[in-house]
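First comes the structure, then the notes that go with it.
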Amino acid sequence: MMPIALSQIIEQVFRVAVGLYLAYALVGKGLEEAAAGATFGASAGGVAALILIYVMFFFSKKTIKEEIKLSSNNKTEPVWDIVKSLLYIAIPITIGASIAPLMGNMDSYVVSDRLSAIGYTVEEYTNMYGELSGTAQTLINFPQVFSTAVAMSLVPAITDAFTRKQTSRLNITANAGVKMSLIIGLPCGIGMFMLAEPIIALLYASIGPEKHASSGALLEILAIGVIFLTLVQAFTAILQSVNKQFYPVKNLALGLVVKVILSYMLIGIPSVNIKGAAISTTISYLIIALLNWHDINKTKIKINLISVSARPLASAAVMAVATGVSFRFLNTALGSKNLATLGSIAIAAVVYVICLFLTGAITKEDLELIPKGEKLSRFVRK
C-alpha cells in the first residue's frame, strides 16, 4: 500500500501547486486561460505520480525477481492471456470506482431539461446546478478520501483470507471493514446534515446568504447520502476481493437507472426542483448499497448490518446532540457563526472519538487492521 499512498500524495501536491500557480500566473490574460491553467494541474499531478511510482518500481525490480524465483508453482503465460486477465479485473473495478462522477453526469443531462420545462431560465437553472455540483457536491466528495482509503485497504486483507479459504477470518475482516467505513461515514454525514448551512457560509462566504440557505438545503439531503456511499464503497471492495467484481457494476447500472427516473420525476415538481437531483442521488446510493449487501450475503461472507452499525450509530447520535447544542451556545456566546461552526466541529470530533471507545465501537482488533495499528492500540490503552 505504501507506493500507492506516496504516489497519490505526490499527485495531489503537484495538482494543487501547479494548478494554483498557473491559475495565478494566467489570470491576467483572461478567465479561460486561468481555468485552463488550473485544470492542467491534474495532468501535472498524474505525470508526477507516474514518475514516482515507476522509480519505486525500478528500485524494487531486483527484490521482485528474487521473490518470483523463490515462489512455487511458477508458470509462464502468454502475454495476451495476462492482458485479458488484467482487463477482466480492471474494467469492472474502474467502473465501480466512478460511481460519484457518473451520478454527477446524470444530473448534468437531466437538471437543465427538467428545470427549463417548469419555467426556469437558462441563467436560473445554471446557478441552481452550480449550487448542486460546485458547492454541495464538492463537500460530499471530501469524506470519500477517507472511506476510499479504508475500502482499498480491505482488498488485500480479504483477498488473502478468501484465497486461503479461511472463512472465519474472512467474515471477521469484512465485518470489521464495514464497521470502520461506517465509523468514518456516519459522523461526516450527520455532521454535515446538522451544520449544512453554517458550513456552506464558512467555506463559500462570497456567494451570499440566499445561496447559503439554498446550497445548505441541498447539502442536508446529500449528507445522508454520504453514509450510503460509504457503505457502497466498502461493499464494492468486499465483492471485488472475492472475485465478484461484476456484481457492483450491475448494481451501479441499476442505481443509475433509478437515479435518472427519480430525477426526471422529482425535478419536474416545481416545489422540489433542484432538490430532486439530491434526493434521487441519496436514494440511488441506498439502493446500490442494499443490492451490494444482498450479493455479499450470497457468498461465504455474512455482513450483520445491525451488529456493525449499532455502536457507531449510537456514538454518532450523541455527537449530533453535542453538535447542535454547542453550535447554538457558541453562536450566542461568540456572536460569530463562522467561529461557532469551527468550535462545534471540534467539539463534535472530540465527543465522537470518546463515544467510540466508551461504547466499544472500536476494539483492539479493529485498530490492528490499520497500518501501524499495534502501536496505535498501545497508545489508546495508555
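The values are calculated or read from the model by the stated rules, or taken from the named source; none is laboratory data. Here the structure is a predicted model, which means the values were calculated and not measured. Positions of Cβ are backbone-derived with ideal geometry, glycine not excepted, and every protein chain shown enters the neighbour counts.
General observations
- Selection count, region 282-322, where residues are over 13 Å from Asn251 (Cβ atoms), among the basic types (Lys, Arg) and surrounded by fewer than 18 Cβ atoms within 10 Å (Cβ to Cβ): 2
- Residue in region 113-124 that is over 23 Å from the mean Cα position of the chain (by Cα) and not assigned by TED's automatic domain parsing to the domain that holds Lys275 present: no
- Taking the listed residues Val350, Val325, the one that is exposed (fewer than 15 other Cβ atoms within 10 Å of the Cβ), more than 24 Å from the chain's Cα centre (by Cα) and part of a helix (DSSP H, G or I) is Val325, with no other qualifying.
- Residue that is in a helix (DSSP H, G or I), more than 20 Å from the chain's Cα centre (by Cα) and closer than 30 Å to Ala157 by Cα, where the choices are Ser344, Ser263, Ser284, Ser315: Ser315
- Residue match in region 20-29 (condition: over 23 Å from Leu252 (Cα atoms) and within 26 Å of the chain's Cα centre (by Cα)): yes
- The conditions of being surrounded by 14 or more Cβ atoms within 10 Å (Cβ to Cβ), assigned by TED's automatic domain parsing to the domain that holds Leu286, in contact with a Lys or Arg (Cβ under 9 Å, 6 or more places away or on another chain) and among the small types (Gly, Ala, Ser) are met by Ala161.
- Single condition Met56 does not satisfy, out of (1) modelled with pLDDT under 80; (2) surrounded by 11 or more Cβ atoms within 10 Å (Cβ to Cβ); (3) of a type outside the set (Ser, Thr, Tyr); (4) over 30 Å from Ile274 (Cβ atoms): (1)
- Unique residue being more than 25 Å from Ala157 (Cα to Cα), surrounded by 13 or more Cβ atoms within 10 Å (Cβ to Cβ) and modelled with pLDDT under 95 when the list is Ala34, Ala48: Ala34
- Test for Lys250: is it basic (Lys, Arg) and either crowded, with 22+ Cβ neighbours inside 10 Å or in contact with a strand residue (DSSP E or B) (Cβ under 7 Å, 6 or more places away or on another chain) (or both): no
- Screening Pro312 on (1) touching an Asp or Glu at 6+ places or on another chain (Cβ under 8 Å); (2) touching a residue at least 60 places away in the same chain (Cβ under 8 Å) shows it passes everything except condition (1).
- Scan of region 260-273 for residues that are of a type outside the set (Ser, Thr, Tyr) and buried (at least 24 other Cβ atoms within 10 Å of the Cβ), ordered by number: Ile267
- Which numbered condition Ser271 misses (of (1) within 30 Å of Arg381 (Cβ to Cβ); (2) assigned by TED's automatic domain parsing to the domain that holds Lys250; (3) hydroxyl-bearing (Ser, Thr, Tyr)): (1)
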